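**Student:** Structure below; questions to follow.
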Amino acid sequence: MDKNGEETRPTFDGMGLPPFPHLLEDAKKRFEELRNLECRKDDIILATYPKSGTHWVWEIVCMILKKKAEYMKETKEFLFLEAIPDISVVDNLASPRPLNTHVPYRWLPRQHIENGGKIVHVLRNPKDVAVSMYHHFNNGKMFEEPVDFKTFYEKIFMGPAPHMGGWFSYEKEFENAEATDTRGAIFTVHYESMKKNPIDETKRLAKFLNVDLTDEIIAEIVDKCSFKKLKEATEAMKDLPNFANRKDPGTVKRIMSRMYRKGEIGDWKNHFTVALNEHFDAFYKEEMKDSKLQVQFE
């Protein structure tokens, strides 16, 4: 968004996109590469709407697959399908590959869906998503000048080309896909449930991934993936990506550290005015009137 409040993000298929160089050059090409990606039957795809706990759940998935509470050396951005400069690098990875993406269900790799490949989907309260995204955009310098939350809410989150097509479209598309999933290939994790009951939710996730883990290892994974420890590990030991061609490595480190801002439930109450909250609730009621999603707003 420029100083006049006009959009500066690339757009494609009704979606506002992050300003990755290859998306700026040819977004259609990358989305088609992603949809046509050659997949393996044991691939795991973590598919989430942005700011729904992707880094957190991706690390948990990776630890489950390794059967040990050991951090990945890289951040999840190195396997972030729409962000990596050359998507073919995933061809060289050992199986099972823990891939991740924010693209809507309709753009997921066709072969993965045809194979009945496992998809882990994280659902988070959209009000907290909006707040987290607001800070991410401001901290990531995606605006020429900082904007207030009301402007972000109206122009970006609920705007004509919302980020990745918008939370409502994204989640309804996944709900429809899961309703017709006869092979049990889609597993939905509620962000709030994972925060409140991490042991039980991690056990459920391990069962879905067909990985047997002891209670001790589950507890170690939950401890290592606590908000504080995962943030510290990211800042101290992980290789960091630079997909936006930032010239200053320090800037990249600051942006990555801000991926972990609070990780709290209910921070939306500190940002939504009464008027904005009433607007959102009315919009939600109309937009989701045919949905059976049980969003945890508290």
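**Student:** Among residues belonging to the stretch 163-215 that are in a loop (DSSP other than H, G, I, E, B) and touching a Gly at 6+ places or on another chain (Cβ under 6 Å), point out the one that is farthest from V122 (Cα to Cα). Steps first, answer last, please.
**Tutor:** Here is the first cut: in the stretch 163-215, the residues in a loop (DSSP other than H, G, I, E, B) are 164-166, 180-185, 197, 209-214.
Among the residues that remain, those that are also touching a Gly at 6+ places or on another chain (Cβ under 6 Å) are: 165, 183, 185.
Values: G165: 17, R183: 19, A185: 14 Å.
Out of the qualifying residues, it is R183.
**Student:** Just wondering, is there one or more residues in the stretch 75-85 that are assigned to a strand (DSSP E or B) and within 19 Å of the chain's Cα centre (by Cα)?
**Tutor:** Restricting attention to the stretch 75-85, the residues satisfying the condition of being assigned to a strand (DSSP E or B) are 80.
Checking the rest, the ones that are also within 19 Å of the chain's Cα centre (by Cα) come to 80.
Yes, the conditions are met somewhere in the stretch 75-85.
**Student:** What about T11, is it surrounded by fewer than 20 Cβ atoms within 10 Å (Cβ to Cβ) and among the hydroxyl-bearing types (S, T, Y)?
**Tutor:** Details: surrounded by fewer than 20 Cβ atoms within 10 Å (Cβ to Cβ): yes; among the hydroxyl-bearing types (S, T, Y): yes.
Considered against the rule, which asks whether it is surrounded by fewer than 20 Cβ atoms within 10 Å (Cβ to Cβ) and among the hydroxyl-bearing types (S, T, Y), T11 comes out as yes.
Per-residue answers, yes or no, for (1) at pLDDT 85 or above; (2) part of a loop (DSSP other than H, G, I, E, B); (3) crowded, with 16+ Cβ neighbours inside 10 Å:
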{"position": "I221", "(1), (2), (3)": "yes, no, yes"}
{"position": "E232", "(1), (2), (3)": "yes, no, no"}
{"position": "K247", "(1), (2), (3)": "no, yes, no"}
{"position": "V252", "(1), (2), (3)": "no, no, yes"}
{"position": "M259", "(1), (2), (3)": "no, yes, yes"}
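**Student:** Determine, yes or no, whether K67 is crowded, with 21+ Cβ neighbours inside 10 Å and touching a residue at least 24 places away in the same chain (Cβ under 8 Å). Full working, then the answer.
**Tutor:** Numbers: crowded, with 21+ Cβ neighbours inside 10 Å: no; touching a residue at least 24 places away in the same chain (Cβ under 8 Å): yes.
Against the criterion (crowded, with 21+ Cβ neighbours inside 10 Å and touching a residue at least 24 places away in the same chain (Cβ under 8 Å)), K67 does not qualify.
**Student:** Modelled with pLDDT of 95 or more and of a type in the set (K, R) - does that describe any residue in the stretch 75-93?
**Tutor:** No, there is no match, as no residue in the stretch 75-93 is modelled with pLDDT of 95 or more and of a type in the set (K, R).
Rundown of residues vs (1) out of contact with any Ser or Thr (no Cβ under 7 Å at 6 or more places or on another chain); (2) modelled with pLDDT of 95 or more; (3) under 22 Å from D281 (Cβ atoms), yes/no style:
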{"site": "M142", "(1), (2), (3)": "yes, no, no"}
{"site": "G159", "(1), (2), (3)": "yes, no, yes"}
{"site": "K172", "(1), (2), (3)": "no, yes, yes"}
{"site": "A179", "(1), (2), (3)": "yes, yes, no"}
{"site": "H190", "(1), (2), (3)": "yes, yes, yes"}
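**Student:** F78 fails exactly one of the following numbered conditions: (1) surrounded by fewer than 24 Cβ atoms within 10 Å (Cβ to Cβ); (2) of a type in the set (F, W, Y); (3) touching a His at 6+ places or on another chain (Cβ under 9 Å). What is the number of that condition?
**Tutor:** (3)
**Student:** Going residue by residue through the stretch 86-107, is there one that turns out to be on the phi < 0 side of the Ramachandran plot, assigned to a loop (DSSP other than H, G, I, E, B) and without any contact (Cβ under 8 Å) to a residue 12 or more places away in the chain? Give the steps one after another, and end with the answer.
**Tutor:** Step one: list which residues in the stretch 86-107 are on the phi < 0 side of the Ramachandran plot, which gives 86-107.
Narrowing further to those that are assigned to a loop (DSSP other than H, G, I, E, B): 86, 93-97, 102-104.
Those left that are additionally without any contact (Cβ under 8 Å) to a residue 12 or more places away in the chain: 86, 94.
Yes.
**Student:** Here is a further query. Checking the conditions here, which among K155, K51 is within 30 Å of K229 (Cα to Cα) and of a type in the set (D, E, K, R)?
**Tutor:** Just one listed residue meets the conditions, K51.
This table checks each residue for (1) charged (D, E, K, R); (2) part of a strand (DSSP E or B); (3) within 30 Å of E278 (Cα to Cα); (4) in contact with a strand residue (DSSP E or B) (Cβ under 8 Å, 6 or more places away or on another chain).
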| residue | (1), (2), (3), (4) |
| --- | --- |
| S52 | no, no, yes, yes |
| C62 | no, no, no, yes |
| L65 | no, no, no, yes |
| V122 | no, yes, yes, yes |
| S132 | no, no, yes, no |
| F137 | no, no, yes, no |
| E144 | yes, no, yes, no |
| E154 | yes, no, yes, no |
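**Student:** Something else now. What is the one condition in (1) closer than 27 Å to T234 by Cα; (2) of a type outside the set (V, I, T); (3) in a loop (DSSP other than H, G, I, E, B) that R40 does not satisfy?
**Tutor:** With (1) closer than 27 Å to T234 by Cα; (2) of a type outside the set (V, I, T); (3) in a loop (DSSP other than H, G, I, E, B) applied to R40, the lone miss is (1).
The values are calculated or read from the model by the stated rules, or taken from the named source; none is laboratory data. Model, not experiment: these values are computed from the prediction. Please note: Cβ atoms are built from the backbone with ideal geometry, for glycine as well, and neighbour counts cover all protein chains shown.
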